[in-house]
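Contents: one structure, followed by commentary.
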Amino acid sequence: QVQLVESGGGLVQPGGSLRLSCAASGSIFFSINLMGWYRQTPGKQRELVATITRGGSTNYADSVKGRFTISRDNAKNTVYLQMNSLEPEDTAVYYCKITTILQADYWGQGTQVTVSS
């Protein structure tokens, strides 16, 4: 069984910053290929925020380019999301997701990010 533990969410004022972390543990018998962050608001589909490959190639949603930075520590099976210049529209539950080299997907439990004055 694979567990993803997220941390770092919370309440922040517009223009502020937060850093999310997601650590994978458990029965990870195969290398993690892709790691990413997604977010969801009530009544809407879950949307991609950013992904990063094992080699470090990144992909971002247009809405977060230039403000968010995704990174990973392969030795720790951990992915991070540095979020700067946060806007109220960034308010959502943020989920991390990993995909192994055998194409198995695992999701975290989600962490709430609220941007409000």
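Odds and ends about this structure:
- Residue satisfying condition, being modelled with pLDDT under 95 and not hydroxyl-bearing (Ser, Thr, Tyr), within set Gly36, Gly16, Gly8, Gly26: Gly26
- Just so you know, in segment 19-52 the residues that are assigned to a strand (DSSP E or B) and small (Gly, Ala, Ser) include one that is farthest from Ala75 (Cα to Cα), and it is Ala50.
- Of all residues in segment 1-20, exactly one satisfies the criterion of being open to solvent by 80 Å² or more (accessible area, probe 1.4 Å), within 14 Å of the chain's Cα centre (by Cα) and of a type in the set (A, V, I, L, M), namely Val5.
- Among the residues of segment 21-53, those that are loosely packed, with under 14 Cβ neighbours inside 10 Å and more than 16 Å from Val93 (Cβ to Cβ) comprise Ser25, Gly26, Ser27, Phe29, Phe30, Ser31.
- Positions within segment 96-113 being part of a strand (DSSP E or B), open to solvent by 40 Å² or more (accessible area, probe 1.4 Å), touching a residue at least 60 places away in the same chain (Cβ under 8 Å) and in contact with a Lys or Arg (Cβ under 9 Å, 6 or more places away or on another chain), in sequence order: Tyr106, Trp107
- Of all residues in segment 60-95 being part of a strand (DSSP E or B) and free of Cβ contacts under 8 Å to residues at least 12 places away in the same chain, the one that is farthest from Pro14 (Cα to Cα): Asp73
- Hey, Asn74 open to solvent by 50 Å² or more (accessible area, probe 1.4 Å) and more than 16 Å from Leu4 (Cα to Cα) or not: no
- On the stretch given as segment 77-91, residues that are more than 20 Å from Ala23 (Cα to Cα), open to solvent by less than 50 Å² (accessible area, probe 1.4 Å) and in contact with a Gly (Cβ under 9 Å, 6 or more places away or on another chain) total 1.
The values are calculated or read from the model by the stated rules, or taken from the named source; none is laboratory data. All of these numbers come straight from a predicted model, not from anything done at the bench. So basically every Cβ, Gly included, is an ideal-geometry build from the backbone, and we count neighbours across all protein chains shown. Side chains are part of the model used for accessible areas, which takes the heavy atoms of the whole protein and leaves out ligands, DNA and RNA. Shrake-Rupley method; radii C 1.70, N 1.55, O 1.52, S 1.80 Å.
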